[in-house]
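A.B. asks: Starting off with a structure, shown below.
The values are calculated or read from the model by the stated rules, or taken from the named source; none is laboratory data. Small disclaimer: the values here were computed from a predicted structure and weren't measured. Every residue, glycine as well, gets a Cβ built from its backbone with ideal geometry; the counts of neighbours run over all protein chains shown. With ligands, DNA and RNA removed, areas are computed over all heavy atoms of the protein, side chains included. Shrake-Rupley method; radii C 1.70, N 1.55, O 1.52, S 1.80 Å.
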Amino acid sequence: MKMTTEEAFVKTLQRHGIQHAFGIIGSAMMPISDIFPKAGIKFWDCAHEGSAGMMSDGYTRATGKMSMMIAQNGPGITNFVTAVKTAYWNHTPLLLVTPQAANKTIGQGGFQEMEQMNLFADCVAYQEEVRDPSRIAETLNRVIMQAKRASGPAQINIPRDFWTQVIDIEIPEVVEFEVPQGGENAITRAAEMLSTAKFPVILNGAGVVLAKGGIEASRVLAERLDAPVCVGYQHNDAFPGNHPLFAGPLGYNGSKAGMELISKADVVLCLGTRLNPFSTLPGYGIDYWPKEAKIIQVDINADRIGLTKKVTVGIVGDAAKVAKAITAQLTETAGDTARADRTALIAQTKSAWAQELTSMTDEQDDPGTDWNVRARAAKPDWMSPRMAWRAIQAALPVEAIISSDIGNNCAIGNAYPSFNEGRKYLAPGLFGPCGYGLPAIVGAKIGQPHVPVVGFAGDGAFGISVNELTAIGRGDWPAITQIVFRNYQWGAEKRNSTLWFDDNFVGTELDEQVSYAGIAQACGLQGVVARTQEELTAALAKAIDDQMNHGKTTLIEAMINQELGDPFRRDAMKPPVSVAGIDAADMREPAV
Ligand SMILES: Cc1ncc(C[n+]2csc(CCOP(=O)(O)OP(=O)(O)O)c2C)c(N)n1
Ligand SMILES: [Mg+2]
């Protein structure tokens, strides 16, 4: 069938149901964006491509439906790098469309040239450049299927002079196939090990959220065994938070109950998780990973099995299918050993942690440092981070989707909200980019317009995406609620300065004259300041009502003291030593 290259491209997008594109408009993409409206594709033009990419990530994580990012070749595309790598470690299947400088001129250094394949080589699960205009649909179809199969971003690079050509092709069929269900022998062994375990524990990762029916399958298995279920770092929605067997997130600022329970395991079923090393670092001084336990690791990607931990049985497969298959093979008496003791211990450990968490109001200083004492004394009437989180919890609807950001206050939040369904918690993940909270929640709301959404960010991280306030107020953008923790500092890094660099605060202070609520208002949005717990709870309740019932976006600037929780990287930091010494007198004037 005769068609133009851009028609072939858009018809292929339609065949895969890709309905949302995020980016900034540019001449190299106009031949296709021109026909987006006709095709039923909405182009969300953002203020910065970096945030556009994170909106795409948020949309797809909240819906399970693939979306795409697209921008101008060169500088538009380079702005996507952080978002694409973030999506990679969030296991988000996204389509990255990178128009390229024209084949006719590339290499001459004309305009907006960039080696865009090398640029993303380490960020995407798959990439391919279109070699000939007639292969545009074939290539795009393959790239999209690879993104789905690998559950990661995949890139199609298209020389811009391939647009507006007439080709004679068929649009390729979408080949769907079933995901692997795990090796037979491995499943039998896993079922045997779990059947006879004295203290089985399940650890759910992102794979459980991504697999169809994964959470439900893990719930059935957990109930058969009365096994506590922990979730991996930043995958807090991988098991229902209101379930008696839910033990909470492991890792940085996670659930002490989860850590204590998993430390007692003799068999751990790690379901849909690559067991990334950051996820199982000691927390609250507890080195909880059960080194003597038998470990069953289930991941759809064989390369990730046994990569970081000693594994007894590896199973390559879909988390839901494998959980069901294991459940089907459990013996009649599976889980019976010490069942009552285990159930009692789970309840007791959870309740002790819940009480401890409620009583925690202030952050602790390490021996020899007193930053938190000073921070409290300097602003005695201000909320502490944990006071803010408690005030937020009081107004956060249980069905809300929330996003998080990288920073001390967002990290403290790891132990607070829990979720009763998957695709509710959009954390920046293991690439750890500041600036994720706002764009991710905007993308989520686009995908789930009838669900309340609340974005979170520290005031430094928020500054990275603040320019999106100039984009999201336009009529066709849905209303959201965003909370900014206002402590006038890049807090997470400041904690490092107090711990390892003798309070030598380089680059940690923010401008106290800036009002984010004021910026929101200047963008035509609602901006409010909350100084007490009562004000914060009331502001959030009103903002959600405004979001859901009046189509209004609100930014809440939550004014908090400068207390700082645990540092991110105790594992990677040590006090500096001076050997040769550094002297300002050695600085020279450069020759100009
Ligand atoms: C893009 C990016 N730049 C820098 C960092 C390093 N970093 C991690 S946390 C952090 C401080 C965050 O400060 P803020 O957002 O104000 O939150 P707070 O810690 O004060 O709660 C920084 C700079 C990062 N993770 N990502
Ligand atoms: Mg801050």
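A.B. asks: Considering only residues that are open to solvent by 20 Å² or more (accessible area, probe 1.4 Å) and more than 16 Å from ligand 1 (Cβ to nearest atom), which ones fall in region 448-467? Don't jump to the end; show me each part of the working.
C.D. replies: To start, the set of residues in region 448-467 that are open to solvent by 20 Å² or more (accessible area, probe 1.4 Å) comprises 448-451, 463-464, 466-467.
Hits for region 448-467 are GLN448, PRO449, HIS450, VAL451.
A.B. asks: Given (1) under 30 Å from GLY447 (Cβ atoms); (2) open to solvent by less than 10 Å² (accessible area, probe 1.4 Å); (3) among the hydroxyl-bearing types (Ser, Thr, Tyr), identify the lone condition not met by SER384.
C.D. replies: That leaves (1) as the condition not met.
A.B. asks: Then there is this: Give region 394-408 a look and list any residue that's surrounded by fewer than 24 Cβ atoms within 10 Å (Cβ to Cβ) and more than 14 Å from ligand 2 (Cβ to nearest atom), or say none.
C.D. replies: Answer for region 394-408, where residues must be surrounded by fewer than 24 Cβ atoms within 10 Å (Cβ to Cβ) and more than 14 Å from ligand 2 (Cβ to nearest atom): ALA394, ALA395, LEU396, PRO397, VAL398, GLU399, ALA400.
A.B. asks: Hey, among ASN242, ASN253, which residue is polar (S, T, N, Q) and surrounded by fewer than 18 Cβ atoms within 10 Å (Cβ to Cβ)?
C.D. replies: None of the others qualify; the one that does is ASN242.
A.B. asks: Across region 468-494, which residue is farthest from ligand 2 (Cβ to nearest atom) among those that are closer than 18 Å to ILE406 by Cα and open to solvent by 10 Å² or more (accessible area, probe 1.4 Å)?
C.D. replies: Top of the filtered list is GLU493.
A.B. asks: Still on this structure: Given the condition open to solvent by less than 60 Å² (accessible area, probe 1.4 Å) and among the hydroxyl-bearing types (Ser, Thr, Tyr), answer yes or no: does some residue in region 525-538 qualify?
C.D. replies: Yes, region 525-538 contains a residue that is open to solvent by less than 60 Å² (accessible area, probe 1.4 Å) and among the hydroxyl-bearing types (Ser, Thr, Tyr).
A.B. asks: Hey, can you tell me all the residues within region 90-107 that are open to solvent by 60 Å² or more (accessible area, probe 1.4 Å) and touching a Pro at 6+ places or on another chain (Cβ under 8 Å)?
C.D. replies: ASN103, ILE106
A.B. asks: Okay, next question. Collect the residues in region 252-281 that are over 20 Å from ILE305 (Cβ atoms) and either in contact with an Asp or Glu (Cβ under 6 Å, 6 or more places away or on another chain) or free of Cβ contacts under 8 Å to residues at least 60 places away in the same chain (or both), keeping them in residue-number order.
C.D. replies: Within region 252-281, GLY258, MET259, SER263, LEU281 meet the criteria.
A.B. asks: The conditions are (1) under 19 Å from SER403 (Cβ atoms); (2) within 15 Å of ligand 2 (Cβ to nearest atom); (3) part of a loop (DSSP other than H, G, I, E, B), and ASP511 fails exactly one of them. Which is it?
C.D. replies: (1)
A.B. asks: Pairs under 7 Å by beta carbon, first residue within 20 Å of THR280 (Cα to Cα) in region 225-248, partner of a type in the set (Ser, Thr, Tyr) and modelled with pLDDT of 95 or more, six or more apart or different chains?
C.D. replies: Taking only residues 6 or more apart or on different chains, the pairs are VAL229/SER218; GLY232/THR273; ASN236/TYR425; ASP237/TYR425; PHE239/SER218; ALA247/SER255; GLY248/SER255.
A.B. asks: Spot the failing condition for GLY306; the list is (1) surrounded by fewer than 17 Cβ atoms within 10 Å (Cβ to Cβ); (2) closer than 21 Å to PRO417 by Cα, and only one is missed.
C.D. replies: (2)
A.B. asks: Go through TYR516, TYR488 for me and flag whichever is within 14 Å of ligand 1 (Cβ to nearest atom), touching a residue at least 40 places away in the same chain (Cβ under 8 Å) and on the phi > 0 side of the Ramachandran plot.
C.D. replies: TYR488
A.B. asks: Then there's this: So in region 29-57, with the set limited to residues that are hydrophobic (A, V, I, L, M, F, W, C) and part of a strand (DSSP E or B), which one is least open to solvent (accessible area, probe 1.4 Å)?
C.D. replies: That would be TRP44.
A.B. asks: Restricting to region 426-445, name every residue that is more than 16 Å from ligand 1 (Cβ to nearest atom) and surrounded by fewer than 24 Cβ atoms within 10 Å (Cβ to Cβ).
C.D. replies: Scanning region 426-445 gives no hits.
A.B. asks: Next up: Of the conditions (1) crowded, with 17+ Cβ neighbours inside 10 Å; (2) at pLDDT 95 or above; (3) farther than 17 Å from PRO385 by Cα; (4) within 16 Å of ligand 1 (Cβ to nearest atom), ARG570 clears all except one; give me its number.
C.D. replies: (2)
A.B. asks: Has region 207-218 got at least one residue that is part of a loop (DSSP other than H, G, I, E, B) and either basic (Lys, Arg) or surrounded by 24 or more Cβ atoms within 10 Å (Cβ to Cβ) (or both)?
C.D. replies: yes
A.B. asks: Related question: Yes or no: VAL130 among the aliphatic types (A, V, I, L, M) and touching a residue at least 40 places away in the same chain (Cβ under 8 Å)?
C.D. replies: The answer is no for VAL130.
A.B. asks: Which residue, of ALA391, ALA411, ALA377, is of a type in the set (Gly, Ala, Ser), open to solvent by 40 Å² or more (accessible area, probe 1.4 Å) and in a helix (DSSP H, G or I)?
C.D. replies: After applying the criteria, what remains is ALA377.
A.B. asks: I'd like the residue in region 58-89 that is surrounded by fewer than 24 Cβ atoms within 10 Å (Cβ to Cβ) and assigned to a loop (DSSP other than H, G, I, E, B) and, out of all such residues, is nearest to the chain's Cα centre (by Cα).
C.D. replies: For region 58-89, the residue satisfying everything is GLY64.
A.B. asks: Could you figure out which of (1) within 26 Å of the chain's Cα centre (by Cα); (2) among the β-branched types (Val, Ile, Thr); (3) within 15 Å of ligand 2 (Cβ to nearest atom) isn't true of THR498?
C.D. replies: (1)
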